Ligand code: SF4
């Protein structure tokens, strides 16, 4: 099956991540860990380089973790794969219908994600699991660009406080007018940042430190994933009808008879400049926008359905 434009773009970003060398400290650490190895994995050929995201390009749910584990993703080359954090997370994803199997042991183990995409704030394994602020910043653009390509996104689940900060920073760098202090971290917290159109949920990170101390239990993890799932059908898109922006994006739109201006009826996501409409609608004003049969509002000419009823 041919890949969608978005899947192609995500693959390009993944390739850029793998070849990235922006953070010498982290690149050096990944290689050193790969050379020294842990005794239990001495027969492994470690991945030892930046780890790309993994999942379904059509995903409505995005998980954002912190960084690859030194002997987990840095060994196997796939996020949350090959360590106890991954065992915990993928079990929960399987139980909630997002993963095809409950375990994740190696990149070629057949695991597939459904409606879910997993990224990290930082793509290289950091010493002591602690990336530096400059390393978060250096890696931010990958997350921002991936979010832009995940066109069906409805919810983001951040795994830990640092992932929350990284996600908000990515959104701010994208142009969102957010104040970080408005988004407090708490396990199970749900936010609806204005102008983004995506629900933001928080969970403790499934690190061994959290799972072995009982701070994060399996039922807490599956509960927050179910909560995220319950938000996937909802529409939080901004009800923006920004006349000036629409005029710029859709220069061919003509005024309706009677002088009613169609620009005013185009709703779109300000961040992605994506038109919001019924599934299958092309991002084209002529397809999407109509004062259908004289009724005021946003209707799809092609389906005659009320627009955004299902977006
Ligand atoms: S952490 Fe990100 S920006 Fe830094 S080297 Fe790795 S992939 Fe590149």
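Laboratory data are not the source of any read-out in this text; all were calculated from the coordinates shown. All values reported here derive from a predicted model rather than from experimental measurement. Counting neighbours? That spans all protein chains shown, and the Cβs are built from the backbone with ideal geometry, glycine included.
How long are the semi-axes of the equivalent ellipsoid of the stretch 5-230, defined as square roots of 5 times the Cα gyration tensor eigenvalues? Whole Å, largest first.
On the way: eigenvalues 122, 82, 59 Å².
Over the Cα atoms of the stretch 5-230, the semi-axes work out to 25, 20, 17 Å.
Peptides 13-22, 68-77, 120-129 ranked from most to least packed, by the mean per-residue count of other Cβ atoms within 10 Å: 68-77, 120-129, 13-22.
Stretching residue 145 away from residue 28 to a fully extended chain increases their span by 39.6 nm, per 0.36 nm per residue minus the current alpha-carbon distance.
Here 201, 63 are placed in order of increasing Cβ neighbour count within 10 Å, fewest first, which gives 201, 63.
The simple Förster model, with R0 at 22 Å and r as the Cβ-Cβ distance, assigns residue 12 and residue 58 a FRET efficiency of 0.85. Modelled this way, with points 7 Å down the Cα-to-C-beta line, the labels at residue 5 and residue 95 are 4.0 nm from one another.
Highest-first packing order for the peptide set 153-162, 217-226 is 153-162, 217-226, based on the mean count of other beta carbon atoms within 10 Å. Distance between the pseudo-spin-label points of residue 209 and residue 137 (7 Å out from Cα toward the beta carbon): 2.4 nm.
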